[in-house]
1. Principal axis extents for the stretch 1-154, Cα atoms only, whole Å, descending order, please.
2. Hydropathy first: keep DSSP H helices in the chain averaging at least -1.0 on Kyte-Doolittle, then drop any whose Cα extent along the axis falls short of 18 Å, and list what survives.
3. Quote the convex hull volume per residue of the stretch 42-87, based on C-alpha atoms, as a whole number of Å³.
4. Ranked from the most accessible area to the least, with a 1.4 Å probe and all protein chains present, what is the order of 186, 87?
5. Between residue 85 and residue 46, with labels modelled 7 Å along Cα→Cβ, what's the label distance in nm to one decimal, could you check?
6. Work out the P(r) tail for the stretch 69-215: percent of alpha carbon pairs separated by more than 22 Å, whole number.
7. Which distance in Å, rounded to a whole number, links the C-alpha centroids of the stretch 167-222 and the stretch 38-114?
8. Relative to the compact-globule scaling 2.2 N^0.38 Å, provide the ratio for the alpha-carbon radius of gyration of the chain.
Amino acid sequence: MIPVFDIRTLPTETYLKPVIVDQYTIISITKAQGSYSLDFEKREVNSSTWIYLTPGQLYAQELSHTQGVMITFNESFLFKTALEKDYLQEHPLFHETFHPTYVEYEVIDQTNLDIILKLLNQEWNKEVKSEVILKSYLCILLELSQRLCKSYREIGFGKEKTDPRSAILLKQIEKSFSTHHDAQYYAKYLELTIKRANQICKESTGHSITELIHKRLNLEMKKRVGYSSDLIHKIASDLSFRDNAYFSTFFKKQNNCAPMEFRAESHNFEIGNRNNN
């Protein structure tokens with residue numbers, strides 16, 4: 001048994017309450033009815049859907065008549081050196097808050113991914129597994145997913161429409177939102193004036209830098225307030241709010257309710273769903 005890697009068939013009927021993911025996860029759904037939710041965004045499931053989850057994301061699902069598999073692994077299984085770990089950190093389907101971390105593949109692309117998935121599954125089910133082979137197949141799966149994702153995005157948005165600096169900006173916000181709340185920091189990181197940085201940001205995302213920072217902060221606050229047992233003052237401190245009062249004011253402005261009200265509503269939602277299933 002390799003403790004940091006697992007591949008399993010999805011249950012035919014499955015209800016998963018919202019949970020904060022603690023491992024890298026790839027879910028391949030070939031057939032299902034129902035919906036899943038990723039970072040509070042709910043979607044109806046379609047065939048040939050692949051969902052890529054990063055530790056820290058909030059995920060829930062309510063599926064029936066399901067066919068598919070789920071792969072989970074952590075960083076230490078796939079990579080050992082700092083250089084290798086950078087690959088996972090930079091992979092376009094992980095660590096992405098502002099872009100979809102799900103892809104609905106065309107039939108031919110799904111078929112190619114399924115070939116690798118089948119080989120991976122065969123190796124995993126052998127009595128004596130090879131960690132080297134498992135890692136190799138997983139890397140091929142990630143590489144192929146990355147190539148397909150890039151081509152899908154270019155078809156959807158066009159190569160010429162997005163300033164490459166916007167991608168750098170989004171990655172830096174994802175990396176630093178918990179410690180830097182000011183737009184000036186990100187403009188300086190890009191070596192641009194705040195006016196020019198905001199212009200690039202709005203052209204690419206439709207939002208200002210400050211709006212994106214607040215959006216990312218609010219997502220993290222909602223996940224930790226609603227679906228963790230962390231004390232409010234710890235969440236406020238971890239996200240670099242100067243005090244609990246300012247944190248609560250910001251949270252209420254974003255969500256029209258106080259943090260503890262949101263926590264109570266989240267718990268009631270979970271209980272209600274469990275009672276209905």
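1. Result for the stretch 1-154: principal-axis Cα extents of 37, 35, 32 Å.
2. Details: long enough: 107-124 (25 Å, 0.16); 131-157 (38 Å, 0.45); 164-176 (19 Å, -0.32); 209-227 (27 Å, -0.54); 259-275 (24 Å, -1.31).
TM-like helix candidates: 107-124, 131-157, 164-176, 209-227.
3. On the way: hull volume 5.0 nm³, N = 46.
Given the Cα convex hull of the stretch 42-87, per-residue volume reads 109 Å³.
4. On the way: 186 0, 87 60 Å².
From most accessible down to least: 87, 186.
5. About 3.7 nm separates the two model spin labels.
6. Values: 5597 of 10731 pairs.
In whole percent, the long-distance tail amounts to 52.
7. Here the two parts' Cα centres lie 24 Å apart.
8. Details: Rg = 20.1 Å, N = 277, 2.2 N^0.38 = 18.6 Å.
Compared with the compact-globule rule of thumb, the chain sits at 1.08.
The values are calculated or read from the model by the stated rules, or taken from the named source; none is laboratory data. Remember, predicted model here, so these are calculated numbers, not experimental data. Glycine also receives a Cβ, built like all others from the backbone with ideal geometry; neighbour counts cover every protein chain displayed. Surface accessibility is based on the protein's heavy atoms, side chains included, excluding ligands, DNA and RNA. Shrake-Rupley method; radii C 1.70, N 1.55, O 1.52, S 1.80 Å.
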